[in-house]
Each structure stands twice: as C-alpha cells, then as structure tokens.
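Here's the structure, in structure tokens; my notes come after.
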Amino acid sequence: MANSAIIAAGAISGPLITLNFSGRTRLPFLLGLLAIGLVAILVANFLILRLAFKPIRELESTMSAVQPGLDEPRVHANFSDPDLRRIATVFNSMLDRLEHERHVSAQRVLQAQERERQRVARELHDQTGQALTHEIISLDLLLERTGDVKARQQLEAVKRTLEETLEEVHRMSQDLRPSVLDDLGLVPALRTLAKQPSGAQVALQVDGLRDRLPAPIETALYRIAQEALTNANKYAKASHVNIDLRFLDGHVRLRVRDDGVGFDPGSIPEREEPGRAGLGIFGMRERATLLRGTLEIHSAPLKGTEVVAKLPLEDNHVG
C-alpha cells in the first residue's frame with residue numbers, strides 16, 4: 001500500500017510537471033521527482049519491514065536467552081500476525097516439554113543417587129560394621145587369654161583402632177543415608193543430625209508438621225539441612241546453628257541460620273562453574289527447584305548465614 005501510494009503520487013506529479021514546464025526545464029524536475037520517489041520507497045520499506053520483523057527479533061532474543069539449568073523465559077503470544085502467534089505458542093510448548101523432561105530426568109538421577117547411597121550405607125553398616133565388630137570381639141577373647149603385658153598393650157591398641165574405625169564407618173553410613181530418615185521420617189532424622197558431634201551447638205525447632213512427608217521432600221530437606229550444617233561447621237566456623245522446620249502458607253519451610261563468618265552471596269555465580277564447589281549451594285538449589293520450591297541465601301561477611309528452603313506441601317501433611 002505504501003509503495004502504491006508513492007507510485008500513484010509520482011504518476012500524478014509527472015504529467016503535471018510535463019504540462020507546466022518547458023522541455024529544457026522539465027528534465028531536472030522529472031529526475032528530482034524520480035529520486036524523491038525512490039528515496040521515499042526505500043524509507044517506507046525500511047520502516048515498515050523493521051516494524052513487521054520486530055516480533056521475530058523478540059523471538060530470536062528469547063530463544064538466545066534459553067540456557068540449560070536456568071528457568072527459561074517465555075514468549076508472549078499476543079502478536080497480531082497469526083503465524084507469529086503459532087510460532088510463539090509452539091516455542092513455549094517446546095520449552096514446557098523440555099523443562100518437564102529435564103525436571104523428570106534430574107529427579108530420576110537424584111533418586112538413583114539416593115538408592116546407591118542407601119545400598120552403600122547398608123553394606124557399610126551390615127558387612128563392614130559386622131566384620132569390625134567380630135574382630136573386636138575376637139580381640140576381647142584374646143585379651144582374656146593373654147597374660148603377657150606387652151602383648152596385651154598391643155592388642156588393646158589394635159582394639160582401640162578397630163573401635164575408632166567402626167565408629168567412623170557408622171558415621172559414614174549415616175552421612176550416606178541415615179536409616180532413621182527411611183524408618184521414622186524427616187523430623188527424627190533432623191534430631192539425629194542435630195545431635196551429631198560437630199563444632200557448633202545445634203538447636204532444632206519444628207512446628208506445624210504432623211505426618212510423614214513425601215519421600216522426595218523429606219530427602220531434599222534433609223540434604224539441604226545436612227549441607228548447610230556442614231558449611232556452617234567447615235567454612236563458617238560457627239558456634240551456634242539454629243534449624244527451624246515449619247508449615248507456612250501451603251509450604252514447608254526449612255531455615256538454617258548460623259553465627260559464622262558469613263560470605264558474599266553475590267560471589268557465587270548463577271550457574272555452576274567447573275572446578276568451583278560453591279559451598280554446595282548449587283546442589284541445594286537444584287534439589288529445591290526440582291520440587292518446584294525455592295532456595296534463598298542470606299549472608300554477609302561477619303554476619304552469619306541463613307539458608308531458607310520453601311517447598312510446596314499438600315494440606316493433609318500439616319497439623
């Protein structure tokens with residue numbers, strides 16, 4: 001329409017110039033009219049096509065922003081062009097499917113890891129632990145039958161080493177997969193975690209939870225609390241740690257706060273970088289995200305650290 005309007009204006013102006021000007025002065029006006037018409041056509045086409053392709057550029061920028069491991073943006077589908085609306089709708093549907101498949105795959109990976117942890121923990125407890133216990137009992141029998149003082153001292157030293165090894169095996173078994181989490185649930189498992197010897201005094205408060213939670217939620221919250229407590233002892237050098245678990249506004253909220261040295265949360269990148277552990281924050285955030293929850297880190301140098309995880313919870317699990 002714009003090109004037709006410009007051509008029509010030129011078609012009307014051309015005869016008028018021919019009728020009103022003589023032969024010698026007519027040519028410059030006609031050339032000027034032709035130049036003006038060409039420039040007008042180019043400018044009109046440029047502006048109109050730029051406006052027409054703006055939605056495609058928006059689609060391109062949104063597609064470029066999609067990165068694995070981050071929440072993908074969605075394209076608005078209220079374009080005037082029906083073809084662009086279909087493209088945007090199909091693109092958003094594709095992102096929904098990809099996000100769902102990634103969540104399902106990640107959940108399967110985490111479940112497989114937990115099953116493997118459980119298997120190794122049972123083997124350590126049942127096989128290695130029983131073997132060490134058998135050897136300790138055998139040493140006790142030898143000590144009863146040995147009268148030599150030097151030999152008894154050596155046997156007692158070996159026994160102490162085996163007892164320390166047995167205690168370490170039990171600790172490793174509990175760290176891998178505490179049996180109380182499977183048998184009794186999250187709250188008893190957190191109580192056991194709080195009573196484990198560490199460099200900090202750990203206090204646990206629970207409010208609003210009645211029955212067992214779904215296994216994925218219990219596992220995720222336990223691992224988040226375990227990682228936060230490990231960071232408080234290992235990196236923050238905290239002396240006191242408070243673990244608070246409660247139901248709040250349709251969510252179960254876990255808050256772990258310590259009085260350690262703290263750190264700058266802005267120094268942790270949004271995505272995991274090779275060779276950088278990130279104090280386990282990526283693992284905690286991934287566990288919360290896979291269950292449609294959130295994880296927030298509040299910290300500052302010399303002001304302690306607070307880890308807050310919120311996971312959606314059904315009403316029949318609260319009281």
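The values are calculated or read from the model by the stated rules, or taken from the named source; none is laboratory data. What you see is a predicted model, and the numbers here were worked out from it, not measured in a lab. FYI the Cβ positions are ideal-geometry reconstructions off the backbone, even for glycines, and counts take in every protein chain you see. Accessible surface is based on the protein model in full, side chains and every heavy atom, while ligands, DNA and RNA are left aside. Shrake-Rupley method; radii C 1.70, N 1.55, O 1.52, S 1.80 Å.
Overview of values
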read-out	value
Residues of the stretch 164-188 satisfying the condition of being at pLDDT 85 or above, outside any helix (DSSP H, G or I) and in contact with a Leu (Cβ under 8 Å, 6 or more places away or on another chain)	Gly185
Selected residue (only one of Thr128, Thr161 is assigned to a helix (DSSP H, G or I) and at pLDDT 90 or above)	Thr161
Sole exception among (1) assigned to a helix (DSSP H, G or I); (2) of a type outside the set (Phe, Trp, Tyr); (3) in contact with a Pro (Cβ under 9 Å, 6 or more places away or on another chain) for Ala232, by number	(3)
Only one of Arg50, Arg115 that is loosely packed, with under 11 Cβ neighbours inside 10 Å and either of a type in the set (D, E, K, R) or farther than 22 Å from Ala2 by Cα (or both)	Arg50
The stretch 152-198 - residue that is among the acidic types (Asp, Glu) and more than 30 Å from the chain's Cα centre (by Cα) and, of those, surrounded by the most Cβ atoms within 10 Å (Cβ to Cβ)	Glu163
Arg97 being within 24 Å of Leu176 (Cα to Cα), among the charged types (D, E, K, R), at pLDDT 80 or above and in a helix (DSSP H, G or I)	no
Selection count where residues are at pLDDT below 75 and among the basic types (Lys, Arg), scope the stretch 5-58	2
Residue, nearest to His170 (Cα to Cα), within the stretch 118-140, restricted to residues that are open to solvent by 80 Å² or more (accessible area, probe 1.4 Å) and of a type outside the set (S, T, N, Q)	His125
Restricting the stretch 105-138 to residues that are touching a helix residue (DSSP H, G or I) at 6+ places or on another chain (Cβ under 9 Å) and among the β-branched types (Val, Ile, Thr), the residue that is farthest from Phe282 (Cα to Cα)	Ile136
Search result, residues across the stretch 214-225 that are surrounded by fewer than 22 Cβ atoms within 10 Å (Cβ to Cβ) and in contact with a Gly (Cβ under 9 Å, 6 or more places away or on another chain)	Ile217, Glu218, Arg223
